[in-house]
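Just so you know, all these numbers are worked out from the coordinates, no wet-lab data involved. Quantities reported herein were computed from a predicted structural model and do not represent experimental measurements. Glycine gets a Cβ as well: all are built from the backbone with ideal geometry, and neighbour counts include every protein chain shown.
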Amino acid sequence: MPRPRVLLAHGNTDCRKIYGSVLAHEGYEVDLSADLESALACLAGGHYDVIVADLYLFGADDECFLRVLRDSRIATHIPFVVLTGWTTEPHRRLALQLGADYFLPLPVRPRELLTLLSGITAPMDVSMPRALTRSNPNDHSIANGL
């Protein structure tokens, strides 16, 4: 089975090194990018299962990476995780309005990022629907057993 492929595009060198190393150690194939132009070049050169990028990953003309991707319809099918130091509610709303699928404010524990990515990249077994079972037969809430 091929390893999930991640494009990690972040302007902060430490973020690229730390999270890139963690993802590679956990079995992901990781391509690193520091700016908009190199991120677009990576996307043009291959398939990715998920993109993890800073909210404000800019290019030479101050164009935002996420906005460029969504406006140009490039990679609209690839899940996009914003990993950013811009942590306010307006930044979260902006990321989601621009088309981000997930928003993770820095600092993020590596395990939290890995858990999110494993949920995104895990192959789905669609051959047989899983029946819901109740772990407590006296609990009739819908969340019991999930």
Worksheet item: So how far apart, in nm, are the two label points at T115 and W86 if each is 7 Å from Cα heading toward Cβ?
Response: 2.6
Worksheet entry | Only Lys, Arg (+1) and Asp, Glu (-1) charged, at Cβ; the stretch 5-121 dipole about Cα centre in debye | 320
Discussion item. Taking amide H atoms as placed 1.01 Å from N in the peptide plane, list the residues 5 or more away in sequence, or in a different chain, whose amide H sits under 5 Å from that of L104.
Written reply: V82, L83, T84
Discussion item. Multiplying the sequence separation of T13 and A34 by 0.36 nm and subtracting their Cα-Cα distance, what value in nm do you get?
Written reply: 6.8 nm
Discussion item. So for each of 8-15, 96-103, 51-58, 83-90 I average, over its residues, the number of other beta carbons within 10 Å; can you give me the resulting order with the highest mean first?
Written reply: 51-58, 8-15, 96-103, 83-90
Worksheet item: Near H10, within a Cβ-to-Cβ distance under 11 Å, what is the net charge of the other residues, with Lys and Arg +1 and Asp and Glu -1?
Response: -1
Worksheet item: Cα gyration tensor of the stretch 5-121, axes a ≥ b ≥ c as square roots of the eigenvalues: rounded (a/c below 1.5), prolate (a/b > b/c) or oblate?
Response: rounded
Practice prompt. Identify, among P105, N12, F58, the residue whose Cα sits farthest towards the positive end of the charge dipole of the stretch 5-121, taking +1 on the Cβ of Lys and Arg and -1 on the Cβ of Asp and Glu, with the dipole about the Cα centre.
Written response: P105
